[in-house]
Every structure is written in structure tokens, then in C-alpha cells.
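The values are calculated or read from the model by the stated rules, or taken from the named source; none is laboratory data. Because the structure is predicted, anything quoted here is derived from the model rather than measured. Neighbour counts are summed over all protein chains in view; Cβ atoms, including those assigned to glycine, are modelled from backbone coordinates with ideal geometry. These accessible areas exclude ligands, DNA and RNA; they are computed on the full protein's heavy atoms, side chains included. Shrake-Rupley method; radii C 1.70, N 1.55, O 1.52, S 1.80 Å.
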Amino acid sequence: MSFENLNLHPLILKAISESGYTSATPIQEKAIPELIEGHDLMASSQTGSGKTAAFMLPALNRLVEPSKAAGKGPRILVLTPTRELAQQVSQAAAKYGKYLKNAKVVTILGGMPYPLQNKLLSQHVDILVATPGRLIDHLERGRINFSRLEMLILDEADRMLDMGFIDDVERIADATPESRQTVLFSATLEGAIGKLGASLMKEPKLIKIASQTAKHENIEQRLHYVDDMSHKNRLLDHMLRDLSVNQAIVFTATKRDADTLADDLLAKGYDAAALHGDMSQRERTRTLTRLRQGGIKVLVATDVAARGIDVAGITHVINFDLPKFAEDYVHRIGRTGRAGATGIAISFASGRDSLHVRKIERFTGQTITPHVIEGLEPKFKPRPASTQKRNYSARGEYRNNGANPRRNGGGDRYARERGNR
Ligand code: ADP
Ligand code: MG
């Protein structure tokens, strides 16, 4: 559907068309009319499907009309789980709102100095994009006036709950006017998210385009069995030399591994950099900017730091270490194949990871096809998938029924690790 039919202001349409968007994505087509009508909304759709514009365009459309309330506080508030996402949302707001007179965007993140934020908050604000923790600080110090607030948007609400922000989100919502419109985007709408939605919203509309486990049909998923660390490093080197790699994100299990691997790659001559939660905000922002501008070819990252990153040049995602949770696998591979492009997702797995790989496949409903590279074949030969599936219950949980506990070199290790978390 074309954006022209969505009742958006011509100055917003102009910015959209300059962004190169020719038609609305399914979530945009469904969500924008509901939001323009003023309904509360709970929505889920897969990563990379254009959710930011789905909430930001109707939000901007509100700003065309002057506020009925007095004051200079924000009219739109967007909460995001991570700083990177907040910055991405702010950039989108500035891009889509560039022709509007009153669409001043302010971003409030943890890890940034307070004096500048205090100053920004004392001036006129239309759209405030923030991470919950730092926003609470400012709220408690009386630095934010929500009397003009019309719309509260929770982006990646499931991740905000996972990260323990639920109390903060509820306190922030309590500080805003009852009359507000409330919007929530999340990978799932069940369980705790459903409860949060019910407590914050009035008769919300529900939109589910496809679950987070939807097929990433434009992403080719490959598996490489690895023997040890040195084998992993040789494979990675081989892959990064591939001419079809424009930019890659390599995921490691820990922050320290991300630093070490990034240093290794730099030493080998790659434009590499690390991105993880122990870096200062300034470093994280600088790294992402360099990635966007093409100055970084290989970003070595951890799950939380890379969540939601949208950089068009990323052709490859490489799981140097598998993610602990199948859900994170989906978020990782979604960093490539953005906005309809194709991408390649490569996972390294050792023999003992076999069962974990099956678990990921069950979660996504897709197989990750084993590949070998000539000259870099693994010594380990995995068994065919069919013999391994028997140990799973109908719910996809690994069940060690004791029949063959040493199969795959003790693959039940993951079951134990999960239990310990
Ligand atoms: P999500 O939040 O669903 O993961 P984003 O909002 O980050 O997705 O959008 C993913 C990418 O798609 C962004 O680069 C964005 O600029 C682009 N995009 C969004 N809407 C459209 C559209 N209607 N047509 C083309 N590209 C779009
Ligand atoms: Mg998003």
C-alpha cells in the first residue's frame, strides 16, 4: 500500500519519499490508521519490518497540530531498552519529521553527562526518546514536565522487561497524563507483556503480523562445525576474506571475548571494532557511527549491545559463539537482510553444541544447513539430525532420558546450564 492512502500530512509524506520508501510495510499499513484514529495499540511483527516508522509517523502527524496544553515538555515519549536503539529511533524521528516546524527531538541516555541533558530538558521538546533508568533520574529530580504528553510508546517492550525495567516503565507511565495514547511494540504479546499492556492501556487494538519466529526467508542460514578455537579463527578469517562480505557482525559470548577477537582481527589488518556494554556511551556511539559510515567492516559484539541495530551494509552475521537462548539467535541474524535485502547468517558449533543447534532450529522452524569449506573441514562428524530429535519432548525441551547420556560428547550440558540460570 502506498503511504498516500494513510492520511499522513504532506510534509511527512515528502520526508518519507525522500527516504526512498515507495510503499508501506505490512505493520505500517495496519498500525498507522489505528494510531491516527487515536487507539491504544499492542503490536508485534518481525525484526526489520519497519516498526519505527509505524509508530513514529502517526506520532509526527500529531505534532502538525499545535499542542492544546501550555508548557514546553515532550508531547511524544518513546522508551527503548538500549541506548543504541534510542539513538536509532531519534534519528528516524529527525528524518521523518525534518519538514515539520515543531518536531524537536531530544535523546536522554544513561552514560551521558547530566548537565547537557538538564539543559536540553529545560528547553522546548516535542519528542523525547529515552532509556528508562536515566529518565527516572530526571523525573525524580523534577526536571521533566509531562503535562503536554499525548503519546507514550514502548519499543521492544519484551526486552525492557527482560532487562528488569518493568518498575521504571510503570513509574514513568504513572507520571504521564491519563488521557495519553499508549503504544507497545514487542516480539511477543503474551505473558508479562500482556499484563503490562492491560495495566497501561485502554481497550488496546492488537496487531500481530508474524511472530518473532517468522521465517527469515531472505537470510541464508549456514552451520559450520568447528573443532577448537584455532579452527574457529581460521574459518572466520577465511569468511571475512570472502569478497561478498560488505560488513559483518560477529557475535561472541562475552564482552571480554569481543574485545579479544576485535583486537585479533585488527592485528590481522581488518577494520574491526568491538561493541559491548562495558564501553562508555561515547565509545559505543562512535563505533556505531563508524559502522554506519562504512569505516568498520567487522563489528564484534555481544547480544545486548547489538540488539535492534539497523545498518543496511551488513551482509553477514557470524555466530562465533552460539547464543545461549534461541530467541537471541533470531535477533542476531535479523541484523542482516534488513528491509528486504538478502543476508547470510553463519553459526559456528562444536560437536557438543549439536543439541543446542537443534533447539534453535526448533524455535525458528528452519534448518541451519551444515557447510564445509575445502581445506578447513572439521575432524568432528555430526550425526544426522533425525537420530538426535528423539531426545526432545513435544515442547522442544531437551530430555535426558538416560538412554545415551554421552551422545554428542555430552550435549546435555546446555540443559544443565539453562537450569542453572
Ligand atoms: P524494526 O524496528 O521492525 O526492526 P526498523 O524500523 O528498524 O525495523 O526498520 C528497518 C529498516 O527498514 C530501516 O532501515 C528503515 O529505514 C527501513 N524501512 C522502514 N520502512 C520502510 C518502507 N516502508 N520501505 C522501505 N524501507 C523501510
Ligand atoms: Mg525496532
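Mind putting a number on the dipole of the chain about its Cα centre? Charges go on the C-beta only, +1 for Lys and Arg and -1 for Asp and Glu, and I need it in Debye to the nearest 20.
400
What three numbers, in Å, describe the spread of the alpha carbons of region 219-399 along their principal axes, ordered from the longest?
Computed over the Cα atoms, the extents are 49, 35, 31 Å.
Looking at ILE360, ILE219, LEU60, which one has the Cα that reaches farthest to the positive end of the dipole of the chain (charges on Cβ: Lys, Arg +1; Asp, Glu -1)?
Final value for the positive-end residue is ILE360.
Projected onto the charge dipole of region 3-208 (+1 at Lys/Arg Cβ, -1 at Asp/Glu Cβ, origin at the Cα centre), which of ILE27, ASN118, SER179 gives the Cα projection farthest towards the positive end?
Final value for the positive-end residue is ASN118.
Quick check for me: using +1 on Lys/Arg Cβ and -1 on Asp/Glu Cβ, what's the dipole size of region 219-399 about its Cα centre, in debye to the nearest 20?
520
Quick check: net charge around LEU196, other residues with Cβ under 10 Å of its Cβ, Lys/Arg +1 and Asp/Glu -1?
Net charge in that neighbourhood comes out at -1.
Among the lysines, which fall within straight-line cross-link reach of LYS68, defined as a Cα-Cα distance under 19 Å, with same-chain neighbours fewer than 8 residues apart omitted?
Partners found: LYS101, LYS104.
Check the straight Cα-Cα distances from LYS379 and name the lysines below 27 Å, setting aside those fewer than 8 residues away within the same chain.
Within the straight-line limit of under 27 Å, LYS379 reaches these lysines: LYS232, LYS268, LYS324, LYS359, LYS389.
Each residue of region 94-104 in turn: what ³J(HN,Hα) in whole Hz from Karplus with 6.51, -1.76, 1.60 and θ = phi - 60°, glycine and Pro shown as x?
5, 5, 6, x, 5, 9, 8, 6, 10, 9, 6
Straight-line reach only, C-alpha to C-alpha below 25 angstrom: list the lysines that LYS30 could link to, leaving out same-chain residues fewer than 8 apart.
LYS14, LYS51, LYS95, LYS98, LYS195, LYS202, LYS205, LYS208, LYS215
Quote to one decimal, in nm, the extra length available between ASP237 and GLU178 on full extension: 0.36 nm per residue of separation minus the C-alpha distance between them.
Between ASP237 and GLU178, full extension yields an extra 15.7 nm.
Grab every C-alpha pair in the chain, bin the distances at 20 angstrom width from 0 up to the longest one, and report whole percents.
Spelled out per bin, shortest first, that is 25, 54, 20, 1.
How many times 2.2 N^0.38 Å is the alpha carbon radius of gyration of region 1-49? Mind dumping the intermediate values first?
Values: Rg = 11.2 Å, N = 49, 2.2 N^0.38 = 9.7 Å.
That works out to 1.16 for region 1-49.
Would you list the P(r) distribution for region 3-208, with all Cα-Cα distances sorted into 10 Å bins from 0 and each bin expressed as a whole %?
9, 38, 39, 14, 0
Return the inverse of the average 1/r over all pairs of distinct C-alpha atoms in region 123-175, which is the Kirkwood hydrodynamic radius, in Å to one decimal. Provide the component values of the computation, followed by the final result.
Details: mean 1/r = 0.0845 Å⁻¹.
Kirkwood radius, region 123-175: 11.8 Å.
I'd like to know which of MET151, LEU196, THR47 lies farthest towards the positive end of the charge dipole of region 3-208, counting +1 on Cβ of Lys and Arg and -1 on Cβ of Asp and Glu.
MET151
Just to confirm, what accessible area per residue do you get for the chain at 1.4 Å probe, in whole Å²?
Here the residues of the chain average 45 Å² of exposed surface.
How do 82-93, 230-241 rank on mean C-beta neighbours within 10 Å, highest first? All intermediate terms of the calculation are to be shown ahead of the outcome.
Numbers: 82-93: 22.7, 230-241: 16.6.
Listed from highest to lowest mean packing, they are 82-93, 230-241.
For TYR99 and GLU190, FRET efficiency with R0 = 60 Å and r from the beta-carbon atoms, rounded to 0.05?
0.95
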